[in-house]
Structures are given as C-alpha cells and as structure tokens.
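To keep things clear, I will list the structure first and then write my remarks on it.
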Amino acid sequence: MVVSLRGKIPLLAILLAVLSFQAACNVDLFGLFGSTELDTRLESKNRFAFLSNADRNLSLGETYSFIVLSDTHIEKGDAQGLEKLKDVIKPQDKFVVITGDITQNGRRQDVQKFIDIAGTLGVPCYPVIGNHDIYFDNWPVWRDLIGSTRYRINSDTTTLFILDSANASFGAAQLDWLQDELRTAKKHVFVFTHANLFVQYPGDIEQITDTRERARIMSILKGRTDAMFAGHVHRRIIREAGGVGYISIEDFKSNKTYCRVHVSAGGFRYEFKEL
C-alpha cells in the first residue's frame with residue numbers, strides 16, 4: 001500500500017515545530033495561545049510605571065560597564081537566584097538589562113517579585129518583554145506594573161533601545177520608530193530584545209522567522225549600532241554582521257549566566273560570568 005503525504009507535510013512540520021519549541025522553552029501551550037498581539041501592546045507607548053525619569057536619562061560618561069542577562073523565568077515567587085545579582089554589581093556597572101522571559105507566565109506576583117529584586121540592585125534595571133511574559137493574556141499586568149514594551153533610554157554618550165519581539169516579530173511600525181529614533185542617537189547604541197536573529201543549529205526555530213523583517217532590522221542597525229542583545233533560544237550565540245555584534249545569552253534560570261559589557265571611547269568588549 002502506498003501512503004500519500006500530500007497535504008500532510010505542513011501539518012507535520014507545524015507539529016514538530018511546536019514540540020521543539022515546547023521542549024526548548026518550557027512552553028505552556030494554554031498560555032501560549034492566550035497571548036496578546038504586538039500591535040495591542042505598542043498602543044501603550046510612553047507609559048512608565050516602573051522606570052523613573054532619572055532611570056530614563058542617565059549620566060554615563062565615556063567609560064562604564066553594564067550587565068545583561070536573560071530568561072529568568074520567575075515562577076510562583078521563585079526568582080531562580082536573581083536576588084543574588086546585587087552581590088556581583090560593581091561600582092562601574094551603571095545599569096542592568098534583562099532580555100525577556102523575566103517571568104514564566106506573566107503572573108502578577110512574579111512581575112512584582114522582579115520589581116522588588118530590581119529595587120535592591122542599586123542601579124536602574126531595564127526589563128524587556130518576552131513571550132512568556134504575555135502568556136495567559138497577562139500583558140495588562142506588565143502594562144500596569146512596568147509600562148511600555150518599546151522604549152528609549154538616553155544618556156550623555158549612549159542610547160539604549162528596548163524592542164518588543166515577544167510575538168517573534170518587530171512589526172513595520174516599530175521598525176519605522178527605531179529607524180527614526182536612530183537619527184538622534186548618541187555615539188554608542190545598544191539594542192535589547194527577546195527573540196534572536198541567529199540560530200546555532202539547523203534544528204533551532206526560535207527566531208525572527210520573517211526573513212524580510214530580519215533583513216530590514218539588520219539594515220537599520222548596520223553601521224549605527226554597537227550591538228544587539230537577545231535571549232529566548234536558551235543558548236549563547238554570537239555573530240557579527242555589518243559591524244554590529246549580535247549576542248544571544250543563555251538562560252539565567254538554568255545557567256546563572258550574565259554578561260558584563262565594558263564600554264569606552266574606543267568601543268566595547270564583553271565577558272560572560274556565572275553567579
């Protein structure tokens with residue numbers, strides 16, 4: 001008997017993709033399908049419930065450092081050791097960025113746990129929204145406790161851009177905004193988002209899958225940005241394209257990894273550490 005697979009390959013591919021995604025990122029499928037859309041979140045622009053005006057306008061100077069980590073997946077009040085981050089912050093560290101999946105399911109108690117810990121760090125902490133943070137339609141929790149998911153941080157020497165890619169897409173409007181904002185950015189520019197642009201292995205699927213959108217953001221950043229930091233894939237992936245460093249950081253939950261970035265007049269360098 002000959003069995004035809006005509007019409008079944010796409011369904012099989014989707015099933016395999018979902019299973020792979022679930023295995024790699026601890027996905028709760030009920031939460032996944034109860035997520036909000038990008039356009040809905042971007043309507044809440046210039047809303048800051050967590051960051052103060054001082055947090056959004058820094059004085060950094062030419063030489064400083066900052067810390068980036070990703071995928072803390074705070075769940076049921078368990079911060080996965082994030083509370084110990086304050087012990088490794090040095091005087092030259094001026095801020096911290098967490099590139100998404102700060103919580104496992106976007107629950108109010110877990111977002112509040114992040115806020116409580118951030119308040120102990122002694123430096124501003126910039127949250128990036130990830131796919132887990134919008135599970136179960138919990139985007140309103142983020143909106144009310146943290147605020148906008150796309151924003152800009154200004155300083156005397158550096159501009160930071162926080163981008164929303166929680167639905168594995170940036171969207172044309174957000175990229176238009178980024179392109180326009182870069183015209184007035186400072187000497188150093190760092191971009192932070194959740195979904196990665198590059199993969200390590202052929203089986204990896206957790207990335208910005210729209211190739212046109214991927215090409216556009218890389219074109220926008222080319223020659224104008226020092227680096228883009230991401231998470232999501234739970235692996236360390238480092239690439240360089242168009243003079244921009246693309247750095248995906250492995251998950252903090254399992255690896256307790258953080259990246260310290262050193263900035264000077266001549267550029268930047270980074271090193272990975274573990275708590």
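At-a-glance table
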| read-out | value |
| --- | --- |
| Pair list, Cβ < 9 Å and 6+ apart or interchain, from the stretch 149-168 residues that are part of a strand (DSSP E or B) to residues that are among the hydroxyl-bearing types (Ser, Thr, Tyr) and modelled with pLDDT under 95 | none |
| Matching entry among Asp55, Asp71, Asp78 (being in contact (Cβ under 8 Å) with a residue 24 or more places away in the chain, surrounded by fewer than 20 Cβ atoms within 10 Å (Cβ to Cβ) and acidic (Asp, Glu)) | Asp55 |
| Evaluation of Phe136 against (1) under 17 Å from the mean Cα position of the chain (by Cα); (2) more than 20 Å from Phe161 (Cα to Cα); (3) aromatic (Phe, Trp, Tyr) (one fails), failing number | (1) |
| First in the stretch 86-104 and in contact (Cβ under 8 Å) with a residue 60 or more places away in the chain, second anywhere and assigned to a strand (DSSP E or B) and among the charged types (D, E, K, R), Cβ under 8 Å, 6 or more apart | Val88/Lys273; Asp93/Arg260; Gln104/Glu75 |
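The values are calculated or read from the model by the stated rules, or taken from the named source; none is laboratory data. On a predicted model such as this, the values are computed, not experimentally measured, just so you know. A quick note on method: Cβ atoms are made from the backbone with ideal geometry, for glycine too, and the neighbour counts reach across all protein chains shown.
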